Amino acid sequence: QVQLVESGGGLVQPGGSLRLSCAASGSIFSIYVMGWYRQAPGKQRELVATINSGGNTNYADSVKGRFTISGVNAKNTAYLQMNSLKPEDTAVYYCNAAVRSSRLAGITNYWGQGTQVTVSS
């Protein structure tokens with residue numbers, strides 16, 4: 001079993017910054033991809049950014065140039081640096097990880113419990 005623990009959410013004014021962290025622990029042989037998704041009230045969960053074990057990143061168009069995802073390999077931790085935050089970034093942010101628990105195991109997808117990000121003046 002793998003646990004994902006998120007931290008760093010909170011209330012910030014428009015134009016401000018926040019840094020989210022997601023630490024993965026438990027039965028981890030390797031992590032292929034870690035990512036952040038978000039869900040605003042009344043909306044579907046959407047991809048924000050992902051990073052794979054090779055360091056390749058992918059971003060939603062709405063956050064390109066403002067958000068930066070990093071981490072994964074060294075400490076099984078991913079970070080999401082969020083700058084120039086807008087009210088429309090308000091959502092619960094969820095961490096996701098695609099994990100192999102042993103050399104012969106398949107890849108399992110895990111989710112964190114979510115952290116609230118509120119952008120408001």
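The values are calculated or read from the model by the stated rules, or taken from the named source; none is laboratory data. Computed from a predicted structure; not experimentally measured. We place every Cβ from the backbone using ideal geometry, glycine too, and count neighbours over all the protein chains shown. Side chains are part of the model used for accessible areas, which takes the heavy atoms of the whole protein and leaves out ligands, DNA and RNA. Shrake-Rupley method; radii C 1.70, N 1.55, O 1.52, S 1.80 Å.
Being touching a Phe, Trp or Tyr at 6+ places or on another chain (Cβ under 9 Å) and not acidic (Asp, Glu) is the filter here, so list the residues in the stretch 4-17 that pass it.
Matches in the stretch 4-17: LEU4, GLY8, GLY9.
Which residues, counting only those in the stretch 1-27, are buried (at least 16 other Cβ atoms within 10 Å of the Cβ) and either without any contact (Cβ under 8 Å) to a residue 24 or more places away in the chain or among the aliphatic types (A, V, I, L, M) (or both)?
Within the stretch 1-27, VAL2, LEU4, VAL12, LEU18, LEU20, ALA23, ALA24 qualify.
Filter the stretch 98-121 down to the residues that are open to solvent by 30 Å² or more (accessible area, probe 1.4 Å), among the polar types (S, T, N, Q) and within 26 Å of PRO41 (Cα to Cα) and list them by number.
ASN109, GLN113, GLN116, THR118, SER120, SER121
Counting only residues that are touching a residue at least 24 places away in the same chain (Cβ under 8 Å), give me the strands (runs of 3 or more DSSP E) lying completely in the stretch 48-121 with at least 1 of them.
Here the list reads 67-71, 77-82, 91-100, 107-111, 115-119.
Evaluate the stretch 33-42: report whether one residue or more is in a loop (DSSP other than H, G, I, E, B) and over 16 Å from LEU85 (Cα atoms).
yes
Quick check on the stretch 85-97. Is at least one of its residues among the aromatic types (Phe, Trp, Tyr), modelled with pLDDT of 95 or more, closer than 29 Å to SER121 by Cβ and open to solvent by 20 Å² or more (accessible area, probe 1.4 Å)?
Yes, the stretch 85-97 contains at least one residue that is among the aromatic types (Phe, Trp, Tyr), modelled with pLDDT of 95 or more, closer than 29 Å to SER121 by Cβ and open to solvent by 20 Å² or more (accessible area, probe 1.4 Å).
Which residue out of THR50, THR57 is under 25 Å from GLU88 (Cα atoms), of a type in the set (S, T, N, Q) and open to solvent by less than 60 Å² (accessible area, probe 1.4 Å)?
Among THR50, THR57, only THR50 is under 25 Å from GLU88 (Cα atoms), of a type in the set (S, T, N, Q) and open to solvent by less than 60 Å² (accessible area, probe 1.4 Å).
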